[in-house]
1. Could you list, in sequence order, all residues of the stretch 109-155 that are assigned to a helix (DSSP H, G or I) and free of Cβ contacts under 8 Å to residues at least 60 places away in the same chain?
2. Go over the candidates Leu144, Leu149, Leu161 one by one and state the one that is surrounded by fewer than 21 Cβ atoms within 10 Å (Cβ to Cβ), farther than 30 Å from Ala108 by Cβ and at pLDDT 90 or above.
3. So how many residues does the stretch 59-81 have that are part of a helix (DSSP H, G or I), free of Cβ contacts under 8 Å to residues at least 60 places away in the same chain and closer than 28 Å to Ser230 by Cα?
4. Touching a Gly at 6+ places or on another chain (Cβ under 6 Å), at pLDDT below 95 and closer than 30 Å to Asn78 by Cβ: does that describe Asp225?
5. For the stretch 244-260, which positions are surrounded by fewer than 14 Cβ atoms within 10 Å (Cβ to Cβ) and hydrophobic (A, V, I, L, M, F, W, C)?
6. Quick check on the stretch 39-58: of everything there that is in a helix (DSSP H, G or I) and open to solvent by less than 60 Å² (accessible area, probe 1.4 Å), which residue is modelled with the lowest pLDDT?
7. Quick check on my filter: what residues within the stretch 167-205 are basic (Lys, Arg) and either surrounded by fewer than 17 Cβ atoms within 10 Å (Cβ to Cβ) or more than 18 Å from Thr287 (Cα to Cα) (or both)?
Amino acid sequence: ATDMFPPDRRAEGVGILQTGSLIGTFGGPVLIAFASALGQALSFDPIALAWLMAPVVFLPSLLLVLRVHPDPKTIAANLSHYYPNYQLAERPQAAGQVTKVSLRNYAADYVKLTAFVCSFFVQGNMVLMMAMTAVVIDHHGHGLPAISLAVALHVAGMFGLSIPLGRLADRWGRRPVMLAGVVMGAISAVVVVLSADYWTIVAGITLVGVAWSGVNVSATVLLADTTPASERGRVIGANDTFASLAHVTMPLIGGAMAEAFGLPFVGFVVVCLSAIPALFLLRLQETSPGHFPQSAYQRG
């Protein structure tokens, strides 16, 4: 999506792509309900059957990917052809210039490092709260249907507002949307672990999803803004890999913290960790949406 839209609509493009994930939000419960009914009829574990049926969803996804023409990278290299009225504003690489692609070079660029740091901590907050929400709701005496509804609304928050959040990032800038997402995520996490009211917990976990969406859309587009088309796939892949480390580690750490110190302590830790990306964002300069003077690519 970052390659298929001009820079002034990149965030909206990522939002459109992310909104498509809502299909899974609504399709997942249907698949689980069908697996439960079929599992009872066949005397088969319904949860195991749901996992066995999941690959059925992959086939149409694969067919849709195969029908994508032309390659988005081709569109990025020829934006004026696909958007005749668009005037190329970003600096192309000089002829013959070779950029060494490495994590060290990405980390040396403050703008990219900020995107990596924000993605890591907001992803960690999001998955930590997803794991803790089930514990919190169960702790207050609610059953599996209540937990499933809360998770479904959380996922809807992650993807349902992606388009308007993308438009805000295009209009106001990537930095303010990311900063708002970091702050909202921290506050919402505290609401989840401290509240005893079911619907307050649901509101908190839903807003955690919205906060993640704002940061994810904006960080992805920020990387596209400051990276030539030939490297965007690698830098976004590096960012996703880095964020995935938080995806794996934070629920493990959060569970241990909750067991040892209680749920309120988890909220305190989330607030402290959220201060790290907030500080990075406060130092980030964005003169206009998508323009970062601290980026070596845009300075050249």
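1. Filtering the stretch 109-155 down to residues assigned to a helix (DSSP H, G or I) leaves 110-139, 144-155.
Answer for the stretch 109-155, where residues must be assigned to a helix (DSSP H, G or I) and free of Cβ contacts under 8 Å to residues at least 60 places away in the same chain: Ala134, Asp138, Leu144, Pro145, Ala146, Ile147, Leu149, Ala150, Val151, Leu153, His154.
2. Working: Leu144 fails: at pLDDT 90 or above; Leu149 fails: at pLDDT 90 or above.
Criteria check complete, one pass: Leu161.
3. The total comes to 9.
4. Numbers: touching a Gly at 6+ places or on another chain (Cβ under 6 Å): yes; at pLDDT below 95: yes; closer than 30 Å to Asn78 by Cβ: yes.
For Asp225, the condition - touching a Gly at 6+ places or on another chain (Cβ under 6 Å), at pLDDT below 95 and closer than 30 Å to Asn78 by Cβ - is met.
5. Selection gives Leu245, Val248, Leu252, Ala256, Ala260.
6. First, the residues of the stretch 39-58 that are in a helix (DSSP H, G or I): 39-42, 46-53, 55-58.
From the residues that got through so far, the ones that are open to solvent by less than 60 Å² (accessible area, probe 1.4 Å) too are 39, 46, 48-50, 53.
Numbers: Gly39: 78, Pro46: 72, Ala48: 79, Leu49: 79, Ala50: 75, Met53: 77.
Out of the qualifying residues, it is Pro46.
7. Our first condition is that a residue be basic (Lys, Arg); within the stretch 167-205, this holds for 167, 171, 174-175.
Answer for the stretch 167-205, where residues must be basic (Lys, Arg) and either surrounded by fewer than 17 Cβ atoms within 10 Å (Cβ to Cβ) or more than 18 Å from Thr287 (Cα to Cα) (or both): Arg167, Arg171.
So that you can scan it fast, the table gives a plain yes or no per residue for (1) hydrophobic (A, V, I, L, M, F, W, C); (2) open to solvent by less than 50 Å² (accessible area, probe 1.4 Å); (3) closer than 14 Å to Phe121 by Cβ:
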| residue | (1), (2), (3) |
| --- | --- |
| Leu207 | yes, no, no |
| Ala211 | yes, yes, yes |
| Ser230 | no, no, no |
| Arg234 | no, no, no |
| Phe242 | yes, no, yes |
| Phe280 | yes, no, yes |
| Ser288 | no, yes, no |
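The values are calculated or read from the model by the stated rules, or taken from the named source; none is laboratory data. Since we're looking at a predicted model, the values are computed, not measured. So basically every Cβ, Gly included, is an ideal-geometry build from the backbone, and we count neighbours across all protein chains shown. Note: areas computed on protein heavy atoms with side chains; ligands, DNA, RNA excluded. Shrake-Rupley method; radii C 1.70, N 1.55, O 1.52, S 1.80 Å.
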